[in-house]
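In what follows, a single structure is set out as structure tokens and then discussed.
The values are calculated or read from the model by the stated rules, or taken from the named source; none is laboratory data. If you're wondering where the values come from, they're calculated on a predicted model, not measured in any experiment. Surface areas here come from the heavy atoms of the whole protein model, side chains and all, with no ligands, DNA or RNA. Shrake-Rupley method; radii C 1.70, N 1.55, O 1.52, S 1.80 Å.
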Amino acid sequence: MTGRVTGRCHCGEVQVSVISAPAEVTECHCSICRRYAPLWAYYQTGDVQLSGPTDIYRWGRQHIDFHRCHQCGCVMAWMPRGDYPECGINARMLDGFDLRAITLIVEEDSSV
Ligand SMILES: [Zn+2]
């Protein structure tokens with residue numbers, strides 16, 4: 001699959017657009033991700049667009065913002081707060097996303 005891919009939350013108020021479909025996604029097991037259960041696709045921040053009203057959750061070192069739809073609560077992305085060049089998009093929100101068609105990386109990290 002080539003070209004930009006779009007996606008949205010359940011209610012549709014928050015939209016996301018990424019430069020290309022992910023080839024792999026990461027299932028993270030840190031203390032927040034094991035609760036949210038997103039599948040992260042990592043991109044350069046300049047290669048994604050996130051629009052619509054989100055609420056933000058920040059914890060620990062406060063270095064990233066987790067964005068969720070203010071209405072339906074879907075977790076859409078995490079974005080860096082400093083100069084970190086990457087962000088994570090929840091691939092579950094992307095149109096046509098099929099986990100069975102790509103590589104799943106399971107990240108074991110229960111320490112944070
Ligand atoms: Zn929503």
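With contacts taken as Cα pairs under 8 Å and at least 6 residues apart, the chain reaches a relative contact order of 33 percent.
In the chain, what percent of the accessible surface is made up of carbon and sulfur (1.4 Å probe, ligands and nucleic acids excluded)?
The nonpolar share, carbon plus sulfur, comes to 48 percent.
Three principal axis extents describe the C-alpha atoms of the chain; from largest down they are 36, 30, 27 Å.
In the context of the full set of protein chains, residues of the chain present 58 Å² of accessible surface per residue (probe radius 1.4 Å, heavy atoms only). Only DSSP H runs of four or more residues enter the estimate; each adds -39500 (n - 2.57), and after division by the residues of the chain the mean residue ellipticity at 222 nm equals -500 deg cm²/dmol.
Full extension of the chain segment joining S17 with T2 gains 4.1 nm, where the gain is 0.36 nm per residue of separation less the Cα-Cα distance.
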